[in-house]
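Everything on this sheet refers to the single structure shown next.
Values quoted throughout were computed directly from the atomic coordinates according to the rules given, and no laboratory measurement underlies them. Being a predicted model, the structure only gives us computed values, none of them experimental. Please note: Cβ atoms are built from the backbone with ideal geometry, for glycine as well, and neighbour counts cover all protein chains shown.
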Ligand SMILES: Nc1ncnc2c1ncn2[C@@H]1O[C@H](COP(=O)(O)OP(=O)(O)OP(=O)(O)O)[C@@H](O)[C@H]1O
Ligand SMILES: [Mg+2]
């Protein structure tokens, strides 16, 4: 199973280059697409799902152009868009049957699948409610459920946990890693913890270009010996944030602890080396973004 993106470029309105000769070969597994606002994540997903035309380049699935595949590609595709364009007057159950019908699923198959998915996203008790009355988090979960209808082999999720409370965030994350077996799952996010432990590969996207990619372990190794925790005081905090790429700041009664990424040891400060994580990778690449 492979989803190949070749030489994909998207220029909006003749000016804004949202994707710049993007190339990648996705195989079974979870991929985290990480990048700041405007990096091109949604643009890439909209093109893969054929909701947007590329300026140039193509997408193929197992060697076949996905636009030519048409209906046959849509059948194996699950997509959760970033914008919550839901049908406010539809009840949840009607919405899910409607989406299943669009995918060409038989009603009896849809019934079984919907029941299973409602449990997974914790919405079993809300089937008769209208979507217009859903909270933001409920809408997100309804969208995750519809993306997984029909057991698709390619699943594209654009910021699936945006607006979810911590418990539902974990639920969705676990759900994704459970269903990911033998599927291509691509998740766009700026929330590092969404993908840190479930992604096979992380792609860092900046201005439409992949600036770094690899397994979380590989990416973290790149920063070995470059992440430190400085112990400092309120008075000196300003100085530290001015000189270093600063991540998490925490405090206790006496001290302030500042996590930094730095190519050299922060001599002159009290510090301890710490183990890099994906948050540090993000900070290192996008500190100025
Ligand atoms: N319909 C559009 N018309 C013009 N420019 C657009 C359009 N959609 C996106 N862009 C521009 O393309 C670039 C990439 O946008 P995109 O939405 O793909 O980024 P993103 O990585 O998904 O950002 P976010 O994290 O905010 O969702 C941005 O500069 C954006 O302003
Ligand atoms: Mg987006």
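With 10 Å bins beginning at zero, the pair-distance distribution over Cα atoms of the range 114-199 amounts to 17, 54, 27, 2 %.
Modelled this way, with points 7 Å down the Cα-to-C-beta line, the labels at residue 234 and residue 125 are 4.5 nm from one another. Summarised as an ellipsoid, the chain has semi-axes of 38, 24, 16 Å, derived from the eigenvalues of the Cα gyration tensor scaled by 5 and square-rooted, with the largest first.
Any chance you could run the full-extension gain for residue 274 through residue 212? It's 0.36 nm times the residue separation minus the Cα-Cα distance, nm to one decimal. Walk me through the numbers before you get to the answer.
On the way: separation 62, 0.36 × 62 = 22.32 nm, distance 2.16 nm.
Taking residue 274 through residue 212 to full extension adds about 20.2 nm, to one decimal.
Structural descriptor for the chain: relative contact order 21 percent, calculated from alpha carbon pairs under 8 angstrom and at least 6 residues apart. Legend: P(r) of the range 17-60 from all alpha carbon pair distances, 5 Å bins from 0, whole percents, reading 5, 18, 31, 29, 14, 2. At an R0 of 51 angstrom, the distance between the Cβ atoms of residue 107 and residue 288 translates into a FRET efficiency of 0.45.
Just so you know, the Rg over Rh for the range 22-88 is 0.95, from Cα atoms, with Rh as the Kirkwood radius. Taking all Cα pairs closer than 8 Å and separated by 6 or more residues, the relative contact order of the range 164-279 comes to 25 percent. Note on residue 221 and residue 252: the model spin-label points, each 7 Å out from Cα along the C-beta direction, lie 3.4 nm apart. The angle between the Cα long axis of helix 234-243 and the longest principal axis of the Cα atoms of the chain comes to about 70 degrees, rounded to the nearest 10. Label positions at residue 27 and residue 75, each projected 7 Å from the Cα along the C-beta direction, are separated by 2.6 nm.
Estimated at 0.36 nm per residue, the fully extended path between residue 55 and residue 7 surpasses their Cα-Cα distance by 16.3 nm.
Taking packing as the residue-averaged number of other Cβ atoms within 10 angstrom, the listed peptides 109-121, 182-194 run from highest to lowest as 182-194, 109-121.
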